[in-house]
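Down below is the structure, laid out as structure tokens.
The values are calculated or read from the model by the stated rules, or taken from the named source; none is laboratory data. Just so we're clear, the structure is a prediction, and the values are computed from it rather than from any experiment. As a convention, Cβ positions derive from the backbone with ideal geometry for all residues, glycine included, and neighbour counts pool all protein chains shown.
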Ligand SMILES: C[S@@+](CC[C@H](N)C(=O)[O-])C[C@H]1O[C@@H](n2cnc3c(N)ncnc32)[C@H](O)[C@@H]1O
Ligand code: SF4
């Protein structure tokens, strides 16, 4: 889901499948809902993190659902992973942030809190300021046809809170989604697309990123800068809240096993074997563009 600074050998874990929001675009609407059943709990989480640590996972990216909905579980996950020497980041919609949660995240020594941009302006300003002072905040910005032209203003808004350039995540919608026509960048006319890319370029060039080139090539249908290597396919794994493991959020055809039902070493071996299908990034597409932000 994001370009996390912690990449090495990473485990993405949906700590809970529950969410307090219902974003029209959410990836989770398209997955088999059985994957979002909550099987991770305070009792089985420590062993799971030990298993990951013994498999030389260097970073844990906690996502969901909304991880802040279960603070006891989240705090345990962060503390345990930090004790095991991993770097830890959390993806959140930010809507449940309050001073007590911010303090708990700070005390647990979380490395990065990645806030999704879609609710950012609804968060109480004092709370956002407090979070930006006590935590290392990053922002993942879903871009759509409608908000892309305000990208410069959005970056200025983030600066007020000393938050740097957001990771850009072009909204991924299937063609038959009711908001596809209205929101997706995929069906922009060439002239409009050029304008959009100019906006992105103006903002991002200043930050010396070459992500705009990748975006531009992608939406113009050129493959010159397409990646030929994918870290999700080689080094990473995704654990759903029911315990099912896949090498990537978008390769659910490659099932490696269930951390609560199967032998952990066999799961890891299967996941590693899948790299033959995935690491050359042949499945690269709009759904994973933000993984290639650098
Ligand atoms: C599924 S959410 C879970 C964490 C948390 N609830 C949140 O919204 O940040 C993880 C990330 O996926 C992104 N995401 C979800 N659906 C998406 C889509 N269709 N296209 C692009 N990014 C998407 C969200 O913006 C968020 O950054
Ligand atoms: S807040 Fe996150 S998990 Fe919840 S619906 Fe939105 S994108 Fe999905």
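Observations on the structure shown:
- Residue within region 238-255 that is in contact (Cβ under 8 Å) with a residue 40 or more places away in the chain and out of contact with any helix residue (DSSP H, G or I) (no Cβ under 9 Å at 6 or more places or on another chain) present: no
- Annotation: of all residues in region 58-72 being away from ligand 1 (no atom under 12 Å from the Cβ) and in contact with a helix residue (DSSP H, G or I) (Cβ under 8 Å, 6 or more places away or on another chain), the one that is farthest from residue 234 (Cα to Cα) is 71.
- When residues of region 274-287 are limited to those that are in contact with a helix residue (DSSP H, G or I) (Cβ under 7 Å, 6 or more places away or on another chain) and in a helix (DSSP H, G or I), the one farthest from residue 223 (Cα to Cα): 275
- Unique residue being more than 16 Å from ligand 2 (Cβ to nearest atom) and closer than 26 Å to residue 292 by Cβ when the list is 11, 34: 11
- Among the candidates 271, 242, 258, the residue that is within 28 Å of residue 51 (Cα to Cα) and within 16 Å of ligand 2 (Cβ to nearest atom) is uniquely 242.
- Scanning region 78-102 for residues that are more than 19 Å from the chain's Cα centre (by Cα) and more than 16 Å from ligand 2 (Cβ to nearest atom) turns up 79, 80, 82, 83, 84, 85, 98, 99, 100, 102.
- Selection within region 83-110 - within 16 Å of ligand 1 (Cβ to nearest atom) and closer than 26 Å to residue 54 by Cα: 88, 89, 90, 91, 105, 110
- Test for residue 271: is it modelled with pLDDT of 90 or more, surrounded by 16 or more Cβ atoms within 10 Å (Cβ to Cβ) and in contact with a helix residue (DSSP H, G or I) (Cβ under 6 Å, 6 or more places away or on another chain): no
- From the list 48, 74, 68, the one residue that fits, being in a helix (DSSP H, G or I), at pLDDT 95 or above and under 22 Å from residue 252 (Cα atoms), is 48.
- Subset tally (residues that are under 12 Å from the mean Cα position of the chain (by Cα) and near ligand 1 (Cβ under 9 Å from one of its atoms)) for region 13-27: 3
- Residues located in region 133-150, provided they are touching a strand residue (DSSP E or B) at 6+ places or on another chain (Cβ under 9 Å) and within 17 Å of residue 164 (Cβ to Cβ): 135, 136, 137, 138, 139, 140, 141, 143
- Checklist (1) surrounded by 14 or more Cβ atoms within 10 Å (Cβ to Cβ); (2) over 30 Å from residue 185 (Cα atoms); (3) modelled with pLDDT of 95 or more applied to residue 55, failing item: (3)
- Looking across region 153-174, the residues that are away from ligand 2 (no atom under 16 Å from the Cβ) and under 22 Å from the mean Cα position of the chain (by Cα) come down to 154, 155, 157, 158, 159, 161, 162, 163, 164, 165.
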